[in-house]
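Peer 1: Would you mind keeping the following structure in view while I ask a few things?
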Amino acid sequence: MKVSSASRSSTPAPPCAFVIFGGGGDLAQRKLVPALLNLRRDGLLDDGLLVIGVARTELDTASYRELLAEAVASEDPDGWAWLDPRIHYRRGSFGDPELYTALAETLAEAEEATRGNALFYLATPPSAFVGVVEALHGAGLARPPESGWRRVVVEKPFGRDLELAGELDRRLLSVLREEQIYRIDHYLGKDTVQNLLVFRFANGIFEPIWNRRYVDHVQITVAEEIGVEHRGGYYEEAGALRDMVPNHLFQLLAITAMEPPISFAAEEVRNEKQKIFEAIPPLSPEDVLSRAVRGQYGSGEVEGRRVPGYREEGRVDPESTVETFAALELAVDNWRWAGVPFYLRTGKRLPRRRTEIVVQFKRAPFSLFRDSPVEHLPPNRLVLRIQPKEGIHLGFSAKVPAPVLRMGHVDMDFCYADHFGSPPATGYETLLLDAMQGDPTLFQRGDSVESAWRAVQPVLDVWGAMPTRGFPNYPAGSWGPRAADELLTRTGRHWFTGEDT
Ligand code: BG6
């Protein structure tokens, strides 16, 4: 098959200093530095790049390079040979002004190569965000020099509820301009998520049926097989709803539901997404009881392996009432989607890793096959598979070849890897390149973050006020609590698990 492609941007990043606060951590080793190597492989980094790791850990530049080399060098020895001499380390506590004085010196020394550009990446616990940004401001590092730029990438979570997210934003905006803040959601770095925009807006055949006349409902599932791993401490504070819904799942929802922007300019795309967040009516407390479901995994079996329950995980309260599963039924109250339910669910220790958007269409209006068993065939479904096995599947009915009328449900399958191969990628490449190039399209704007919190706040309030006594309520390795199924079955629908196609 002939594959044609048009690339979004092949312009390399300008030179800059890439300063990673939390530079010795997991994110830097597993995602950020490998992403730099992948960008270099594609010729998208400038020779004037400088990487400065900043952390409290007792390291110096030589030992920091060794630490990163262990994590990444074997994957790409050529790339590493290029990157290694560009890496530096500054040790210090994030609250210590001397750290920023030293950083200022390093940046000044490198100014000829970097042209004064600096991208500060906050790969730190959220509690450090404001302190670091205020200290950068205090040391004069947040103000762009005459010919360069200064930008700050902020990792999620942005606050832990509507009020704290607003407070975080106010404090960031007291020392930075909105254009300098890049709120990252790594789901937007996934190629398959970006492909959703292409799928919807570069193809003429889907848009006419992408609305309440033809769509019965939409399901967005982010299922994880893993438990909370070594992040029990963080998870006890967050829970599944905060960890995944107002960010990753809402991004998927917005891209699925938004109107076509008039161009792919950052503000046009972000305005359309913002309209979707604003069109989600907040649930009343009664709605929360009937349209929001929480769960927590008990022990069970995943992939043939016994695994402990959430309450037995490290750094988790043995009586914890924190949810590891959340499902919601939301509406998008606008002309296109009025009356179409959007079902969202996410959970840990589900049977498999699976992120997908299912657009289920209405049945044909008059069933010619009403009196035969074939009327029970599943309706048409478009499954946009984000990960793994990235692809798009369209399910429809077809006649089974036989003298009698029998129908089967078949799938038309497009699998990304078969057509485009699967070059190594961390999901951070596009986002880092965009931040270096000053393109905020795939980053979140402050007002969207706030609107997303506003939509989930009633659920946080009701769940906070009514701790559940029924946890754990799903065994590891199952698809979550029974109430999550009932959310759909009470209207004759059911979650798509892939088994029925
Ligand atoms: C993170 C959450 O943002 O996303 C994790 O904090 C979750 O709890 C992860 O496991 C999922 O990301 P991905 O890319 O593996 O789907």
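The values are calculated or read from the model by the stated rules, or taken from the named source; none is laboratory data. The structure presented is a predicted model; accordingly, all values stated were derived computationally and were not measured. As a convention, Cβ positions derive from the backbone with ideal geometry for all residues, glycine included, and neighbour counts pool all protein chains shown. Protein only, heavy atoms only, side chains kept; ligands, DNA and RNA dropped before computing areas. Shrake-Rupley method; radii C 1.70, N 1.55, O 1.52, S 1.80 Å.
Peer 1: Does residue 51 meet the test of being among the hydrophobic types (A, V, I, L, M, F, W, C), touching a residue at least 40 places away in the same chain (Cβ under 8 Å) and buried (at least 20 other Cβ atoms within 10 Å of the Cβ)?
Peer 2: So residue 51 does not fit the description; no.
Peer 1: Considering each of 28, 71, 35 in turn, give the residue that is under 20 Å from residue 426 (Cβ atoms), open to solvent by 20 Å² or more (accessible area, probe 1.4 Å) and in contact (Cβ under 8 Å) with a residue 24 or more places away in the chain.
Peer 2: The unique qualifying residue is 71.
Peer 1: Would you mention how many residues in the range 104-151 are in contact with a strand residue (DSSP E or B) (Cβ under 7 Å, 6 or more places away or on another chain) and more than 24 Å from residue 440 (Cβ to Cβ)?
Peer 2: Qualifying residue count for the region: 3.
Peer 1: In addition: Could you tell me which numbered condition residue 412 fails, if it satisfies all but one of (1) aliphatic (A, V, I, L, M); (2) modelled with pLDDT of 85 or more; (3) surrounded by 12 or more Cβ atoms within 10 Å (Cβ to Cβ)?
Peer 2: Unmet for residue 412, out of (1) aliphatic (A, V, I, L, M); (2) modelled with pLDDT of 85 or more; (3) surrounded by 12 or more Cβ atoms within 10 Å (Cβ to Cβ): (3).
Peer 1: Quick check on my filter: what residues within the range 237-259 are at pLDDT 95 or above and more than 18 Å from the chain's Cα centre (by Cα)?
Peer 2: 259
Peer 1: Restricting the range 415-466 to residues that are among the polar types (S, T, N, Q) and within 16 Å of the ligand (Cβ to nearest atom), which is most open to solvent (accessible area, probe 1.4 Å)?
Peer 2: That would be 422.
Peer 1: Something else now. Among residues belonging to the range 232-271 that are among the aromatic types (Phe, Trp, Tyr) and part of a helix (DSSP H, G or I), point out the one that is most open to solvent (accessible area, probe 1.4 Å).
Peer 2: 234
Peer 1: Can I ask one more? One residue is enough: does the range 339-351 have a residue meeting the conditions more than 14 Å from the ligand (Cβ to nearest atom), of a type in the set (Ser, Thr, Tyr) and buried (at least 16 other Cβ atoms within 10 Å of the Cβ)?
Peer 2: Yes - at least one qualifying residue is present in the range 339-351.
Peer 1: Then there is this: Kindly list the number of the only condition in (1) more than 28 Å from residue 127 (Cβ to Cβ); (2) open to solvent by 10 Å² or more (accessible area, probe 1.4 Å) that fails for residue 288.
Peer 2: With (1) more than 28 Å from residue 127 (Cβ to Cβ); (2) open to solvent by 10 Å² or more (accessible area, probe 1.4 Å) applied to residue 288, the lone miss is (2).
Peer 1: Give, as residue ranges, the helices (runs of 4 or more DSSP H) completely inside the range 412-500 that count at least 2 residues that are without any contact (Cβ under 8 Å) to a residue 60 or more places away in the chain. Step through it out loud before you land on a result.
Peer 2: Details: elements: 416-420, 429-437, 446-465, 482-489.
Output list reads 416-420, 446-465, 482-489.
Peer 1: Would you confirm whether any residue within the range 104-127 is hydroxyl-bearing (Ser, Thr, Tyr) and surrounded by fewer than 13 Cβ atoms within 10 Å (Cβ to Cβ)?
Peer 2: Within the range 104-127, one or more residues are hydroxyl-bearing (Ser, Thr, Tyr) and surrounded by fewer than 13 Cβ atoms within 10 Å (Cβ to Cβ).
Peer 1: Has the range 214-223 got at least one residue that is within 11 Å of the ligand (Cβ to nearest atom), hydroxyl-bearing (Ser, Thr, Tyr), touching a residue at least 40 places away in the same chain (Cβ under 8 Å) and outside any strand (DSSP E or B)? Even if it seems obvious, please write down each step before you answer.
Peer 2: Taking the range 214-223 first, the residues within 11 Å of the ligand (Cβ to nearest atom) are 222-223.
Filter again for hydroxyl-bearing (Ser, Thr, Tyr), leaving none.
No: zero hits.
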